[in-house]
Amino acid sequence: MTTRTSWADMAANSAAENVGSGSSSASNSKPVYVPPHLRNRPPSADPPAPTSTGPASSNDRPGQGGSRWAAPRNDYGNRSGYGGGGRLGGWGGRGGWDRGRDREVNPFGNDDADTEQAFSEQENTAINFDAYEDIPVETSGDNVPPPVNTFAEIDLGDALNLNIRRCKYVKPTPVQRHAIPIALAGRDLMACAQTGSGKTAAFCFPIISGIMRGQVPQKPLRGARTVFPLALILSPTRELSMQIHEEARKFSYQTGVKVVVAYGGAPINQQLRDLERGVDILVATPGRLVDLLERARVSLQMIRYLALDEADRMLDMGFEPQIRKIVEQMDMPPPGVRQTMLFSATFPREIQRLASDFLANYIFLAVGRVGSSTDLIVQRVEFVHESDKRSHLMDLLHAQRANGVQGKQALTLVFVETKKGADSLEHWLCMNGFPATTIHGDRSQQEREQALRSFKTGATPILVATDVAARGLDIPHVAHVVNFDLPNDIDDYVHRIGRTGRAGKTGLATAFFNENNTNMAKALADLMQEANQEVPAWLTRYAARSFGGRNRRPGGGGGRFGGRDFRRDSSYNRGGSDYYSGGNNNSGGYGGGYGANVAIVCIVLVGIGEEILTKK
Ligand SMILES: Nc1ncnc2c1ncn2[C@@H]1O[C@H](COP(=O)(O)OP(=O)(O)OP(=O)(O)O)[C@@H](O)[C@H]1O
């Protein structure tokens, strides 16, 4: 299997190479204990904040009379400067403008980003395209626009095309092939596609392209400090919002489209200043957005595009009231006037039903995952008594070390149940020579961001996490996920293990099981069986005796799994024609949709809300 690195990996690698203690280079020598107060300090040799490559120019925009493709955004001129402090300083990742030079910061961190040569040499092989050859795809809804095979077939605009090349995306992934034409046709969309398959670009490209094409809108009369974004992208966690923002900034580099992120836990004043400098696309977590709306600092009156990432989580009980408030009770244009796109790797039927309130004559798209959910992930479950867990983990880590599986190219993510448990395990690992850090809801946002960076660069190749890191995070090189404490919900398990084996890469997931997890036995055994994993005989025996472990898998008791348009259910009947009036099965022998035994599995990047997570 190809394991060439993407540009993102290369950036991470170069950062890691500059990191001293705890990196893989120290692997063969006795690891050094790092006291807690020094553990997460940014390495002094870490790369500096990316520098600008030049003024935001308009000459890569095709001329389109009256649209923003033809209208350079001269409103950059009067900014007081915004640098965001670069990747490792302050509230990471918000940088869009170079404070001193008043220029758009190059999000590619590559001074040559303007030159064709700089990005034409290597393609992004993060995605294993071979695995997509016979991927099942199903669409339903009226007049579904046909998919495309190449980016060249889609008129996204020169500036965006240039950024796609800078990202080294050579061809669209399956979800992009189908979703982008649907979105460009102005259609509402509910899209279900596997983790790591490029959903972010699938909703970002049409939004950016649409804003570039559109007329520069007349700002409504309102308080001078109110901003009017044209697109809103909501996601359930702070870290996921930051990730989407980083991606969107790359895609919109030098297009004139301005992307701002707002999330809880970070100082609101900085975010207000970011907004004041102008915003076309607002990426936000719901709680912070409600705050901004209530302060009348943001108006949704001009929203043309609404995208919900991890949409099923956003409409799950924790978030639904906030989402309804934002979407239905403020000043956002109604469905049909705005364009709404919902993306996730799972869409349980009840959630689809709820979600349909936000959509108008929408298309449902389901794209199976690369291989199957867990073909790429070897799942192991081991019986480990509570008191033996630490020594068992130590054995695993020593074995990894002995096999040379460690360092920045082989990160280990260890999931535990509680925040206290996370701190305690992290401390113990460090004491025993395994550089670790931790992420959970009791840590400040700054500490959380720092921990993630330290993990990604391999400075601390073990991350002990609660469910705050279970969903939504795209961390390259996670080779091993250890469920030190199993979750109580099989979906959480699926999301956790989905942090490895992403984008066509293989991964390993090990779960520690004991008497405290008997309610998970059946769901776990079913899931493993479905994924052609070896199910230990003892687990099968536990499964035969047990009942529970909320099972959303196909064929499981919960029946919440959704890789199929709920409008096609025979039980669903709401007068028909306004909901579902046709289908387009591109599944190529896939049969009648995603039935009970289908392995689409949308392992998910469903996030848990920060409000919920902070309780963990
Ligand atoms: N067309 C493409 N060619 C090559 N790489 C791509 C392409 N599209 C996306 N990628 C890369 O694939 C990786 C996964 O993309 P992304 O994070 O958008 O997936 P996702 O479907 O949102 O995953 P998840 O469900 O886990 O959030 C990213 O590193 C991204 O840069």
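Spacing of the modelled spin labels on residue 383 and residue 276, each 7 Å from Cα toward Cβ, amounts to 6.4 nm.
Residue by residue, region 189-195 carries 3J(HN,Hα) couplings of 8, 10, 10, 10, 9, 4, 4 Hz when phi is fed to the Karplus relation 6.51 cos²θ - 1.76 cosθ + 1.60 (θ = phi - 60°); x denotes Gly or Pro.
Taking amide H positions as modeled 1.01 Å from N, with prolines and chain starts lacking one, the residues under 5 Å from residue 339 and 5 or more places away or on another chain are 305, 306. For residue 411, the residues 5 or more places off, or on other chains, whose built amide H falls under 5 Å of its own are 478, 479, 480. With a simple spin-label model that places each label point 7 Å from the Cα along the Cα-to-Cβ direction, the separation between residue 142 and residue 324 comes to 2.7 nm. Label positions at residue 537 and residue 514, each projected 7 Å from the Cα along the C-beta direction, are separated by 2.4 nm.
Once all protein chains are placed together, residue 154 keeps about 10 Å² accessible to a 1.4 angstrom probe.
Here the accessible area of region 377-546 is 50 percent carbon and sulfur, with a 1.4 angstrom probe and all protein chains present.
Amide H to amide H distances under 5 Å link residue 436 with 430, where only residues 5 or more positions off or on other chains count and H is placed in the peptide plane.
Residues in region 377-546 average 33 Å² of solvent-accessible surface per residue, probe 1.4 Å, ligands and nucleic acids excluded.
Each listed q (0.10, 0.22 Å⁻¹) maps to a log10 I(q)/I(0) for region 146-235 from the Debye sum over equal C-alpha point scatterers, namely -0.30, -1.14.
For region 504-517, the Karplus equation 6.51 cos²θ - 1.76 cosθ + 1.60, evaluated at θ = phi - 60°, returns couplings of x, 8, 8, x, 10, 10, 10, 10, 8, 10, 8, 4, 6, 10 Hz by residue, with Gly and Pro reported as x.
The values are calculated or read from the model by the stated rules, or taken from the named source; none is laboratory data. Computed from a prediction, not measured in an experiment: that's the story for all the values here. Because the Cβ atoms are built from the backbone with ideal geometry, glycine has one as well, and the counts that use them run over all protein chains shown. For accessibility, only protein heavy atoms count, side chains too; no ligands or nucleic acids. Shrake-Rupley method; radii C 1.70, N 1.55, O 1.52, S 1.80 Å.
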